[in-house]
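Below is one structure; the comments refer to it alone.
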Ligand code: CO
């Protein structure tokens, strides 16, 4: 069901410092910061030859990233995102296998303008998984 790895998202305590590190130290192509108020994050996309990275930083109150950074003050991998062709079919298949979808269970529009869902990390070895319909 899952297809390509779309991105790996990393929560960072200092967005400017992280962007500079990826651009200068690692020589990556780093985009401009984008505020995503509906998701409570500011995101920077980094294009790699075979996938993307998302640097995530809290935006506003009640950001889903704030608690993560409190537990992981140096930052860390927050989620990984797999592509699916049909997100509703994927959701229904996962539910039938007992996997829990976070939130209402209805896809939301993610940072790339495509429908996304998140799966409970306790069902996937501690890893928060995002599915994105491509
Ligand atoms: Co993501």
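Read the figures in this text as sums done on the coordinates, not as results from a lab. Predicted model, so just to flag it, every value in this text is computed and none were measured.
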Item to check | Kirkwood hydrodynamic radius (C-alpha pairs) into Stokes-Einstein, region 56-119, 10 °C and 1.306 mPa s, D in µm²/s | outcome: 117 µm²/s
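When you have a sec, figure out the Kirkwood radius of region 1-121 from all distinct Cα pair distances and drop it here in Å to one decimal? Before the final figure, lay out the partial values.
Numbers: mean 1/r = 0.0654 Å⁻¹.
Kirkwood radius, region 1-121: 15.3 Å.
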Checklist entry - How big is the antiparallel share of DSSP beta bridges in region 7-133, given as a percent to the nearest 5? => result 70 percent
Checklist entry - In whole Å, how far is the Cα centre of region 52-67 from that of region 1-46? => result 10 Å
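At a threshold of 8 angstrom on Cα-Cα distance, excluding pairs fewer than six apart, so keeping six or more, what relative contact order does the chain reach in percent? Show your work: numbers first, answer last.
Numbers: 264 pairs, mean separation 33.5, N = 134.
Contact order relative to length: 25 percent.
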Item to check | Helical mean residue ellipticity (222 nm; -39500 (n - 2.57) per DSSP H run of 4+; nearest 500) of the chain | outcome: -5000 deg cm²/dmol
